[in-house]
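The values are calculated or read from the model by the stated rules, or taken from the named source; none is laboratory data. Keep in mind it's a predicted model, so treat the numbers as computed, not measured. A quick note on method: Cβ atoms are made from the backbone with ideal geometry, for glycine too, and the neighbour counts reach across all protein chains shown. Heavy atoms of the whole protein, side chains included, go into the accessibility calculation; ligands, DNA and RNA do not. Shrake-Rupley method; radii C 1.70, N 1.55, O 1.52, S 1.80 Å.
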Amino acid sequence: MSISKESELIGMKKISEVVGTTLKLMREHAQVGMSTKELDDYGGAILKSYGAKSAPFETYGFPGYSCISVNEEGAHGIPSKSKILKEGDLINIDVSAELNGFWADNGGSFVLGKDIHNHQPLVDASKSILRKAIHSIKGGVKIADIGQIIETEAKKSGFRVIKNLAGHGVGRSLHESPDDILNYRVKSNHQRFKKNTTVAIETFISTKSNLAVELRDGWTLVGNKGGYITQHEHTILITDDQPVILTECNGIWD
């Protein structure tokens, strides 16, 4: 959305703080032996305490308050009583919500407990790439150029990008224009970031795959060539200089 008055900025800051805080607390709450349903219910209670509504549930009828993806699941993992977290699991939590007509989105991947499966390099690469991409964004920058930065940095780290998942505009709804802030450069895309707009920038970094495919449950996405995928995401406000990271309180860069 385009921020044209102070009340809109206040609204975006508030919902961004809500989703950022929820993501941070969920990450800290996750523990070995817990089901992803229990973790999701915890996050849902936090959203409700703020008066916020789960965006995936409200928008798509998603069967959970948040998307919790484990190990080979790349995105849109359904919280389940039967999915029990284990030491060394690669977990992604994606929290988006609505409050007072404003929407924000954020997410992050992390290793639970000890990194016994060596997932941390992938997590670290994703976080670092997101930081570089976000700090390269300002009004007038080509969206395709940010995609090129993400893919170039992924290759430098020995990884790939998922090409059919993307960041997006956010604000008055969960997904707005620009629709596809992709993790690679599309030469034909001449669209540019606009000052005073809010967007969700997210990395999808992979060990083997370059596309996400949907499982039979109609939600969960996995890599087309197997392996693992990490995602990190912030909602930001674009300026003429460095962007304002509205979801910074989620601590994914800590």
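Any residue at all in region 98-119 that is open to solvent by less than 60 Å² (accessible area, probe 1.4 Å), farther than 19 Å from residue 20 by Cα and of a type in the set (S, T, N, Q)? No, region 98-119 contains no residue that is open to solvent by less than 60 Å² (accessible area, probe 1.4 Å), farther than 19 Å from residue 20 by Cα and of a type in the set (S, T, N, Q).
Does residue 177 qualify as being surrounded by fewer than 18 Cβ atoms within 10 Å (Cβ to Cβ), small (Gly, Ala, Ser), at pLDDT 95 or above and not in a loop (DSSP other than H, G, I, E, B)? Spelling it out, residue 177 is indeed surrounded by fewer than 18 Cβ atoms within 10 Å (Cβ to Cβ), small (Gly, Ala, Ser), at pLDDT 95 or above and not in a loop (DSSP other than H, G, I, E, B). Taking the conditions (1) open to solvent by 10 Å² or more (accessible area, probe 1.4 Å); (2) within 18 Å of the chain's Cα centre (by Cα) in turn, residue 4 satisfies each one other than (2).
Buried (at least 18 other Cβ atoms within 10 Å of the Cβ) and at pLDDT 95 or above, is that true of residue 33? The answer is no for residue 33.
For region 121-151, a residue qualifies if it is more than 27 Å from residue 56 (Cα to Cα), open to solvent by 60 Å² or more (accessible area, probe 1.4 Å) and of a type in the set (S, T, N, Q), and exactly one does: 148.
Exactly one residue among 124, 105 is at pLDDT 95 or above and over 17 Å from residue 165 (Cα atoms), and that residue is 124. Within region 140-149, the set of residues being among the hydrophobic types (A, V, I, L, M, F, W, C) and part of a helix (DSSP H, G or I) comprises 143, 144, 146, 149.
For region 12-30, the criterion of a residue being open to solvent by 50 Å² or more (accessible area, probe 1.4 Å), over 16 Å from residue 249 (Cβ atoms) and assigned to a loop (DSSP other than H, G, I, E, B) is satisfied by no position. For region 80-97, a residue qualifies if it is assigned to a loop (DSSP other than H, G, I, E, B), open to solvent by less than 10 Å² (accessible area, probe 1.4 Å) and at negative phi, and the qualifying residues are 85, 89. Of all the numbered requirements in (1) among the β-branched types (Val, Ile, Thr); (2) part of a loop (DSSP other than H, G, I, E, B); (3) more than 20 Å from residue 236 (Cα to Cα), residue 152 misses one, and that requirement is (2).
Number of residues in region 209-254 that are surrounded by fewer than 18 Cβ atoms within 10 Å (Cβ to Cβ), touching a strand residue (DSSP E or B) at 6+ places or on another chain (Cβ under 7 Å) and in a loop (DSSP other than H, G, I, E, B) equals 4.
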